[in-house]
Amino acid sequence: MLSIYSQAVRAEEAQKSSSAWDRPWAFMIYSGVGSMTPLPEIIRFRNLELTLDGVLSLGAEYRILSDRDAVSFGIETTLTQHLEEWGRVSVASAAMLRFHRPPWKVWFDSTFAVGNGLSYASTPPEIEIRHLSRTSKLFYHLVFELTFNLKNTPEWEALFRIHHRSGIFGLFDGITGGSDFLCLGLRYRI
């Protein structure tokens, strides 16, 4: 009898989990602080130098292709309020590639994503104005994201992401350097 109950619970959990990944739309909110540490150092969590600059972002993601046992591909758009000045906003879109089975998944349920796209700011963020010799409204946008599935609620994910804007080694108007924000947030799949 206990075995039948256990199987029913596992089947229900599998159905909940699969139904969350069958939903193509997701909405998120995240916020974070700035860093002028070079991106390779941030990725390795070395010599982090945080600033008082901050962001608050709202975003939507649409999953185009998905193999929930391996990878998925989608498009994401975010609207970001740079907190140093009301009305200083940026809009970014990125193509997102998400890996559903990163090597550390044996220890905790997570995904890893990388995104590439463009970011347009109404006014360049203050962190860029202070730390770069010149900046631009239009920049390259790069995202690294780690998600953590919340137990018993497969439609919700906690996330940590690096939100990056840069001239991508001079490709944008000869500008080198950029800005990074280390962010925490939540995503809901519908």
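The values are calculated or read from the model by the stated rules, or taken from the named source; none is laboratory data. Please read these numbers as outputs of a predicted model, since none were measured by experiment. Quick reminder, even Gly has a Cβ in these numbers, built from the backbone with ideal geometry, and neighbours come from all protein chains shown. Note: accessible area is taken over every heavy atom of the protein model, side chains too, but ligands, DNA and RNA are not part of it. Shrake-Rupley method; radii C 1.70, N 1.55, O 1.52, S 1.80 Å.
General remarks:
- Normalised size of the range 23-149, defined as Cα radius of gyration per 2.2 N^0.38 Å with N residues, equals 1.13.
- Note that the range 39-125 presents 56 Å² accessible area per residue, ligands and nucleic acids not counted, probe 1.4 Å.
- With DNA, RNA and ligands ignored, accessible area of ASP173 (1.4 Å probe; Å², nearest 10): 110
- Rounded to whole Hz, the Karplus (6.51, -1.76, 1.60) HN-Hα couplings of the range 145-156, x for glycine and proline: 9, 10, 10, 10, 6, 8, 4, 6, 9, x, 7, 9
- Which of TRP104, TRP25 is most accessible, then next, and so on - probe 1.4 Å: TRP25, TRP104
- Per-residue HN-Hα couplings for the range 95-112 [Karplus 6.51, -1.76, 1.60; θ = phi - 60°; Hz; x = Gly/Pro]: 7, 10, 10, 10, 9, 8, 10, x, x, 7, 4, 5, 9, 8, 6, 7, 10, 10
- Computed about the Cα centre, the dipole magnitude for the range 42-190 is approximately 300 debye when only Lys and Arg (+1) and Asp and Glu (-1) carry charge, each at its Cβ.
- Per-residue ellipticity at 222 nm, computed for the chain from helices alone with -39500 (n - 2.57) per DSSP H run of at least four residues, works out to -5000 deg cm²/dmol.
- Residue among ARG161, ARG44, ARG101 with the largest mean-square fluctuation in a Gaussian network model of the chain, springs linking Cα atoms under 10 Å: ARG44
- Calculated P(r) tail over 18 Å for the range 90-190, as whole % of Cα pairs: 53
- Computed over the alpha carbons of the range 29-79, Rg followed by Dmax gives 15.1, 40 Å.
- Solvent accessible area, Å² - MET36, 1.4 Å probe, full protein context: 50
- Computed from backbone phi with θ = phi - 60° and the Karplus coefficients 6.51, -1.76 and 1.60, the 3J(HN,Hα) list for the range 45-57 is 6, 10, 6, 5, 10, 8, 10, 8, 6, x, 9, 9, 10 Hz; x is used for glycine and proline.
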